[in-house]
1. Order these by the 10 Å Cβ neighbour count, fewest first: TYR80, TYR101.
2. Report the local net charge at ARG116: Lys and Arg +1, Asp and Glu -1, summed over other residues whose C-beta lies under 14 Å from its C-beta.
3. Mind checking segment 69-121 for trypsin sites (Lys or Arg not before Pro) that DSSP puts in a loop (not H, G, I, E or B) and that have at most 14 other Cβ atoms within 10 Å?
4. Under the definition of Cα pairs under 8 Å and six or more residues apart, what whole-number percent is the relative contact order of segment 1-100?
5. Report the local net charge at GLY59: Lys and Arg +1, Asp and Glu -1, summed over other residues whose C-beta lies under 14 Å from its C-beta.
6. Please turn the phi angles of segment 16-33 into ³J(HN,Hα) values with the Karplus equation 6.51 cos²θ - 1.76 cosθ + 1.60 (θ = phi - 60°), one per residue in order, whole Hz, x for glycine and proline.
7. State the Cα centre-to-centre distance between segment 1-55 and segment 60-89 in whole Å.
8. In 10 Å bins starting at 0, how do the alpha-carbon pair distances of segment 1-119 split up by percent?
Amino acid sequence: MKIDKTKLSPVNIEERKKLDFNAGDTVRVWSKILDEKGKTRLQAFEGVVLARKHGGEIGATFTVRKVASGVGVERIFPLYSPVIDKIEITKKSRARKSKLYYIRVKAVKDVRRKLRSVTSMKEKEEKEEEEVVETPEEDKKIDVEKETKE
């Protein structure tokens, strides 16, 4: 009896099954993109894994979130997609939950907090500038008083 070893998928399925990353880990996903001239190039998408779904089966997916130019961007990648060239695990983290969707809301709250602190810092700077502007006038008054006494 002869065993047929034809590939059904261009992806090395065994290699992808061995990838050990979970929610909370930081990954860099290299995906193939077609250029205008018909050539393919690799584009990296690095971010935090929010969720892994459907385990190790053929339809398994994982969601990656990153913040680009102050805007949160999420992409859902099929684990066994031939469009994905490679998946690099850049940082391992321990999360208590398997789905980290709350990070979306948390990120918005952090941005708002930063905006508040930036506006309050600007207000403090403006107040300091006003104080700095007032002090030279007082110095002039003191200098004028010294000159009149002499």
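1. Values: TYR80 19, TYR101 14.
Ranked by crowding around the Cβ, least crowded first: TYR101, TYR80.
2. Details: positive: LYS109, ARG112, ARG113, LYS114, LYS122, LYS124; negative: ASP110, GLU123.
Neighbourhood net charge equals +4.
3. Numbers: sites: ARG75, LYS86, LYS91, LYS92, ARG94, ARG96, LYS97, LYS99, ARG104, LYS106, LYS109, ARG112, ARG113, LYS114, ARG116; in loops: LYS92, ARG94, ARG96, LYS97, LYS99.
Of the trypsin sites (Lys or Arg not before Pro), the ones in loops of segment 69-121 whose Cβ has at most 14 other Cβ atoms within 10 Å are LYS92, ARG94, ARG96, LYS97, LYS99.
4. Details: 178 pairs, mean separation 33.0, N = 100.
Across segment 1-100, relative contact order equals 33 percent.
5. Values: positive: ARG16, LYS17, ARG52, LYS53; negative: GLU57.
Surrounding charge for GLY59 is +3.
6. Karplus-based 3J(HN,Hα) across segment 16-33 equals 5, 5, 6, 4, 10, 9, 10, 4, x, 6, 9, 10, 10, 9, 9, 10, 7, 10 Hz.
7. Between the Cα centres of segment 1-55 and segment 60-89 lies a distance of 10 Å.
8. Taking every Cα pair in segment 1-119, the percentages come to 12, 37, 29, 15, 6, 1, 0, 0.
FYI, it's all coordinate maths here, none of it is from the lab. Because the structure is a prediction, the values reported are computed rather than measured. As a convention, Cβ positions derive from the backbone with ideal geometry for all residues, glycine included, and neighbour counts pool all protein chains shown.
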